[in-house]
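The values are calculated or read from the model by the stated rules, or taken from the named source; none is laboratory data. Values in this document were obtained by computation on a predicted structure and should not be read as measured data. Backbone-built Cβ (ideal geometry, glycine too); neighbour counts: all protein chains shown. Please note that ligands, DNA and RNA were not included when accessible areas were found on the heavy atoms of the full protein model with its side chains. Shrake-Rupley method; radii C 1.70, N 1.55, O 1.52, S 1.80 Å.
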Amino acid sequence: MRNLLAAVERIDPLIVSGRVAAVNGLLIEARGGLTRLAVGARAEIERRGALPLAAEVVGFRDTRALLMPFGPVEGVAPGAEIRISPDGASVRPTLAWRGRIIDAFGNPIDGKGPLQQGPVPYPLRAPPPPAHARGRVGERLDLGVRAMNVFTTCCRGQRLGVFAGSGVGKSVLLSMLAREAACDAVVVGLIGERGREVREFIEETLGEEGLKRAIVVVATSDEPALKRRQAAYMTLAIAEYLRDQDQEVLCLMDSVTRFAMAQREIGLAAGEPPTTKGYTPTVFTELPKLLERAGPGPIRPDGTQAGSITGLFTVLVDGDDHNEPIADAVRGILDGHIVMERAIAERGRFPAINVLKSISRTMPGCLLPHERQLVTGARQTLAAYANMEELIRIGAYRGGSDPQVDRAIGLNPALESFLSQDKDEATSLDESFNRLAAILHGDA
């Protein structure tokens, strides 16, 4: 009853409307009702022979509001009525959403019936918790992937980026984490994903076991930019709800680059000036607002701490250039980066992680002294082999020239086997370090 009374009190008795003044490409110009409008406000536009079109205010030009639609503009006519919604976009998730697949509006798209709605609305564009009011990262998290457990050890509440070109194995790596990571719930955001690959990812790559504890948010590449951007906000809003239920949440987003592309499309349509590679200034403003929402949970007034959101965000590097604008910006925001390289994938080693170029900013503080020694020794061995790899492959290196290189050559097959892992295989954190110790001590 209290929830019902609160909802009634929030109802705005004043209905505000405007009219369509012009349509320019994907941008709809509106007149009237401007005193009640703000950037981010939602609206419904009447269409001829079709259902009303949802839209969002993205800017203003002189005396007109600029709206972008969440769907095709066919049927929108001059003078069509625009109804302004007083409430911001929000979602009401529950724990019963686990195992379900939804769209950017929180509607089910898996054919399993309606979703139960929770009592508390979570705004899609919530600000990150204040820095002074959130806890520190927790204990280290078992991800089930040997290369990451050892060389980029992750703590609960940490945020890592997975940087890779197309077709290098990002989605498969995410599915391994969704199935095997030691967490209570998983939220997967498929942002701008190929429509053909959505069911393939859910049914085969993620699998039935992975889906049981996961909530999947989908916005395919053919959907409007606003829906692709909102799917990213929806992913974090659901993760925040689960965090507030004291769940240890793993948030996987594929990919941040497509979120940035959607924001670029919106910004350019609203008249923002393009900067590096056409990205608008708001792209670099929105990225930290989105990514900072993941992390350790806030500390409550009674001294307890909410759960944490451990975030892994993929970055689709343009032309395999790991220094392109989005990759460079995201790398500076997150707490570490995992680099996947095409050359490693081409020689058949998956996951194709270059551990020498990957780093976790919580290391070495989260490792025990003997584990730090193991990781340092393994990195030195891998680096020694990488420095001489071309000479070794063409047979120009003469054995006995450098004892460290000789040892690296001897250990390389075992280390390559250690870094290689089948997508259905899982290795615990302790077992990962034990296997690496056996290799370096010559027992493998």
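Per residue, the accessible area of the stretch 57-111 comes to 44 Å² when a 1.4 Å probe rolls over the protein heavy atoms. Taking trypsin sites (Lys or Arg not before Pro) across the stretch 96-137, the ones in a DSSP loop with at most 13 further Cβ atoms lying within 10 angstrom of their Cβ are K112, R136. Working note: Karplus 6.51/-1.76/1.60 with θ = phi - 60° gives the stretch 138-143 the couplings x, 5, 5, 10, 7, 8 Hz, where Gly and Pro are set to x. Here are some values of Rg/Rh (Cα atoms, Kirkwood Rh): (1) 0.96; (2) 1.09; (3) 1.03. Which one was computed from this structure? Label of the calculated value: (3). Relative to the longest principal axis of the Cα atoms of the chain, the long axis of helix 403-419 makes an angle of roughly 40 degrees.
Heavy-atom surface analysis with a 1.4 Å probe gives the stretch 196-294 a carbon and sulfur content of 49 percent of its accessible area. Contact order for the chain, expressed relative to its length and based on alpha carbon pairs under 8 Å spaced 6+ residues apart, stands at 17 percent. Phi angles across the stretch 106-123 convert, under the Karplus curve 6.51 cos²θ - 1.76 cosθ + 1.60 with θ = phi - 60°, into 3J(HN,Hα) values of x, 8, x, 10, 9, x, 9, x, x, 9, 5, 9, x, x, 10, x, 10, x Hz, Gly and Pro given as x. Mean residue ellipticity at 222 nm, helices only, the chain: -10500 deg cm²/dmol; runs of at least 4 DSSP H residues each add -39,500 (n - 2.57), and the sum is divided by the number of residues. The lysines within cross-link reach of K170, meaning a Cα-to-Cα straight distance under 23 Å and a gap of 8 or more places when in the same chain, are K212, K227, K357, K423.
Backbone amide hydrogens, once placed in the peptide plane, bring C155 within less than 5 Å of L141, excluding anything fewer than 5 places away on its chain. Per residue, the stretch 241-284 exposes an accessible area of 34 Å² to a 1.4 Å probe, with every protein chain left in place. Report the antiparallel proportion of the DSSP beta bridges in the chain as a percent, rounded to a multiple of 5. Around 55 percent antiparallel, to the nearest 5. When you filter the GluC sites (Glu not before Pro) in the stretch 390-444 for DSSP loop state and at most 15 other Cβ atoms inside 10 Å of their Cβ, you are left with E425. The residues of the stretch 310-422 expose, per residue, 48 Å² of accessible area to a 1.4 Å probe.
Considering only protein heavy atoms and a 1.4 Å probe, what is the carbon-and-sulfur percentage of the accessible area of the stretch 316-444? Let's see the in-between values first.
Numbers: 3290 of 6680 Å².
Answer for the stretch 316-444 is 49 percent, counting heavy atoms of protein chains only.
Express the carbon and sulfur contribution to the solvent-accessible surface of the stretch 29-167 as a percent, rounded to the nearest whole number, probe 1.4 angstrom. Present the calculation step by step, with values, prior to reporting the outcome.
Numbers: 3320 of 6270 Å².
For the stretch 29-167, the apolar C and S fraction of the accessible surface comes to 53 percent.
The trypsin sites (Lys or Arg not before Pro) of the stretch 358-430 that DSSP puts in a loop, and whose beta carbon has at most 14 other beta carbons within 10 Å, are R398.
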